[in-house]
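Q: Encoded as structure tokens, here's the structure I'll be asking about.
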Amino acid sequence: MMSVTAALITKNEEMNIGPCLKTLDWADEIVVVDSGSTDTTIDRARALGAKVVQSAFVDFAAQKNRALQEASKDWVFFIDADERVTPELAGRIRQIVKADERTAVYAVKRNSYLFGRLFRYTGTQDDFPVRLLPRTLARFEQPVHEIVATALPVRKIAEPLMHHSTRDLKQYFSKMDHYLALEMQAMKLKEKRVAWWDPWLRAPARFLMLYFVKLGFLDGIQGFLFSALSGYYDYRKYEMFFCLSRRSPA
């Protein structure tokens, strides 16, 4: 019979790790790849039966590939510490694993709470990250906003994964600083070319896309805030890379 490993990567997630792992009691194995937590994350994970592996953080793809290496089951389901598996999703995953049809990877519908509100729009209606995959038939690439590299097609799972994402502005800007450093690596690897006008064009374009095209105005003041912050993120990303490119030797 096919079996499934639930895998997650962590650092200082003591507030999330318990509630997250308690929604994974249907998994045959839980693997946690931790990148140097200084709080009680590791102890709490072990107390709930997880196999914990410590690995220095390189980037998100490397951490998830390490989790693939440590997993021993046929399928691997990836989850973040701030996410929760619903009973409906757990049942659907077990159904797929039991069928033993390793002919696809699966993207899961993710419902996100941002700034205390459950979003319905602002781009979240298109949020289907690939999370369930046959262990030996896929791997992760790209330092940030990692993608699954596989020859298999992607199928969608409608049963939702609940994402308790950004709580407040402090957490948003903390995440942004971490992600931007990895964005610079990814853009450099892709030999990205950025002009001086890119930050000024991309920021309002991002805001307009999320707030109007993706109906962010229907998510209230939180929709406006997230759209504006996403525009600012794009501005910082392209402005930083433009400055780095100017300083790089020819």
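The values are calculated or read from the model by the stated rules, or taken from the named source; none is laboratory data. Owing to the predicted nature of the structure, the values given are computational and were not obtained by experimental measurement. Because the Cβ atoms are built from the backbone with ideal geometry, glycine has one as well, and the counts that use them run over all protein chains shown.
Q: Check Leu244, Leu229, Leu218 and return the single one that is over 24 Å from Met187 (Cβ atoms) and out of contact with any His (no Cβ under 6 Å at 6 or more places or on another chain).
A: Leu218
Q: Scan the range 177-200 for residues that are touching a residue at least 60 places away in the same chain (Cβ under 8 Å) and over 16 Å from the mean Cα position of the chain (by Cα) and report the count.
A: Going through the range 177-200 one residue at a time, the tally reaches 2.
Q: Name the residue that is farthest from Leu189 (Cα to Cα), counting only residues in the range 145-156 that are part of a strand (DSSP E or B) and among the hydrophobic types (A, V, I, L, M, F, W, C).
A: The qualifying residue farthest from Leu189 (Cα to Cα) is Val154.
Q: To continue, here is another question. Quick check, is Val97 surrounded by 15 or more Cβ atoms within 10 Å (Cβ to Cβ), hydrophobic (A, V, I, L, M, F, W, C) and out of contact with any Ser or Thr (no Cβ under 9 Å at 6 or more places or on another chain)?
A: no
Q: Still on this model: Please note which strands (runs of 3 or more DSSP E) are completely contained in the range 38-99 and include at least 3 residues that are of a type in the set (A, V, I, L, M, F, W, C).
A: So the answer is 75-78.
Q: In addition: Could you tell me how many of the residues in the range 55-80 are among the small types (Gly, Ala, Ser), under 14 Å from Leu133 (Cβ atoms) and either under 16 Å from the mean Cα position of the chain (by Cα) or not assigned by TED's automatic domain parsing to the domain that holds Lys11 (or both)?
A: Of the residues in the range 55-80, 2 are among the small types (Gly, Ala, Ser), under 14 Å from Leu133 (Cβ atoms) and either under 16 Å from the mean Cα position of the chain (by Cα) or not assigned by TED's automatic domain parsing to the domain that holds Lys11 (or both).
Q: Take the residues in the range 112-144 that are charged (D, E, K, R) and in a loop (DSSP other than H, G, I, E, B); name whichever of them is surrounded by the most Cβ atoms within 10 Å (Cβ to Cβ).
A: Here the residue is Arg135.
Q: What are the pairs with Cβ atoms under 6 angstrom where one residue, in the range 91-119, is assigned by TED's automatic domain parsing to the domain that holds Ile79 and without any contact (Cβ under 8 Å) to a residue 60 or more places away in the chain and the other, located anywhere, is among the charged types (D, E, K, R) and not in a helix (DSSP H, G or I)? Sequence gap at least six, or different chains.
A: From the range 91-119, the pairs are Ala104/Arg155; Tyr106/Arg155; Ala107/Lys156; Val108/Arg131; Arg110/Asp127.
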